[in-house]
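Here the structure is laid out as structure tokens; the discussion comes afterwards.
The values are calculated or read from the model by the stated rules, or taken from the named source; none is laboratory data. Since this is a predicted model, take the numbers as computed values, not measurements. Backbone-built Cβ (ideal geometry, glycine too); neighbour counts: all protein chains shown. Each accessible area value is taken on the protein alone, full model and side chains, heavy atoms only, with ligands, DNA and RNA left out. Shrake-Rupley method; radii C 1.70, N 1.55, O 1.52, S 1.80 Å.
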Amino acid sequence: MSKGILFVLSGPSGVGKGTVLDALMENFDDVEYSVSATTRERRPGEVDGEDYFFISEERFQELKKNDKFIESAKVHNNYYGTPKKYVDRILNQGKDIILEIDIQGAKQVREKYPNAVFIFLKPPSIEELKNRLQKRGTENCKNKKVRIKNAKTEIKKVCEYDYTILNDKVKNAVIELKRIILKEKNKKRS
Ligand code: 5GP
């Protein structure tokens, strides 16, 4: 049996990756979602094991040392990593999976999984990104500044991705993401 396709979705904080992925997963069974591990504090409403595996920094470093992550990175002052076991199991079953990770992580995945498909979700503008982060209300002033500063660096890496989706309207971004996934699946079949 041939292996599944690994999709990687990146984009700056506040661009709406989570919203787009939630909307995608609601009525689309063709792709699994990989839950990352993080040392960041849990936000109100986030569920351990669903949004992230919330772990201590000590545990994170132990998992990293034992090669349990496909990739890992320090993003906006917290650590994040993609658990290897689950992703490889899904791919070996011939099923497809999507990771929502930052550009540093995407670079590591590119080296280990050269057939992966890389998708970048772009905001209409930095101003709009600021508005969205403000509206989301999850970050304090200092964290917001870090995320906006990082966004400017991240957007410059868009050319390293196979596809770019402009997240102007969530509905349209979801349609586009589905289209890309189905296109890649068909490409693999033919
Ligand atoms: P947030 O704290 O807003 O949930 O996520 C912050 C950033 O970390 C986002 O850019 C998100 O894509 C990234 N991120 C989430 N999980 C992972 C992961 O497993 N690995 C890497 N490298 N980045 C991640």
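Below are the figures for this structure:
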| quantity | calculated |
| --- | --- |
| Failed item, numbered, when Q108 is tested on (1) within 13 Å of the ligand (Cβ to nearest atom); (2) among the polar types (S, T, N, Q); (3) modelled with pLDDT under 95 | (3) |
| Residues located in segment 52-83, provided they are in contact with a helix residue (DSSP H, G or I) (Cβ under 9 Å, 6 or more places away or on another chain), away from the ligand (no atom under 11 Å from the Cβ) and closer than 16 Å to G105 by Cα | D67, K68 |
| Residue in segment 143-165 that is touching a helix residue (DSSP H, G or I) at 6+ places or on another chain (Cβ under 9 Å) and closer than 18 Å to D22 by Cα present | yes |
| Test for Q134: is it away from the ligand (no atom under 12 Å from the Cβ), of a type in the set (S, T, N, Q) and closer than 23 Å to K183 by Cα | no |
| Matching residues in segment 120-150 - criterion: being in contact with a strand residue (DSSP E or B) (Cβ under 6 Å, 6 or more places away or on another chain) and open to solvent by 50 Å² or more (accessible area, probe 1.4 Å) | K122 |
| Residue count for segment 85-105, restricted to those that are over 21 Å from D29 (Cβ atoms) and away from the ligand (no atom under 12 Å from the Cβ) | 1 |
| Residue tally, condition crowded, with 18+ Cβ neighbours inside 10 Å, at pLDDT below 95 and farther than 11 Å from F120 by Cβ, over segment 151-184 | 1 |
| Leading residue by the ranking (nearest to K142 (Cα to Cα)) among those in segment 1-15 that are more than 11 Å from the ligand (Cβ to nearest atom) and not hydroxyl-bearing (S, T, Y) | F7 |
| Of all residues in segment 16-29 being open to solvent by 30 Å² or more (accessible area, probe 1.4 Å) and within 13 Å of the chain's Cα centre (by Cα), the one that is nearest to the ligand (Cβ to nearest atom) | G18 |
| Positions within segment 36-72 being touching a strand residue (DSSP E or B) at 6+ places or on another chain (Cβ under 6 Å) and hydrophobic (A, V, I, L, M, F, W, C), in sequence order | A37, F53, F54, I55, F60, F69, I70 |
| Of all residues in segment 75-102 being touching a residue at least 12 places away in the same chain (Cβ under 8 Å) and among the basic types (K, R), the one that is nearest to L133 (Cα to Cα) | K84 |
| Tally, over segment 30-51, of residues that are within 13 Å of the ligand (Cβ to nearest atom), closer than 14 Å to Y86 by Cβ and touching a Phe, Trp or Tyr at 6+ places or on another chain (Cβ under 8 Å) | 4 |
| Meets criteria (in a helix (DSSP H, G or I), among the small types (G, A, S) and open to solvent by 10 Å² or more (accessible area, probe 1.4 Å)) for G4 | no |
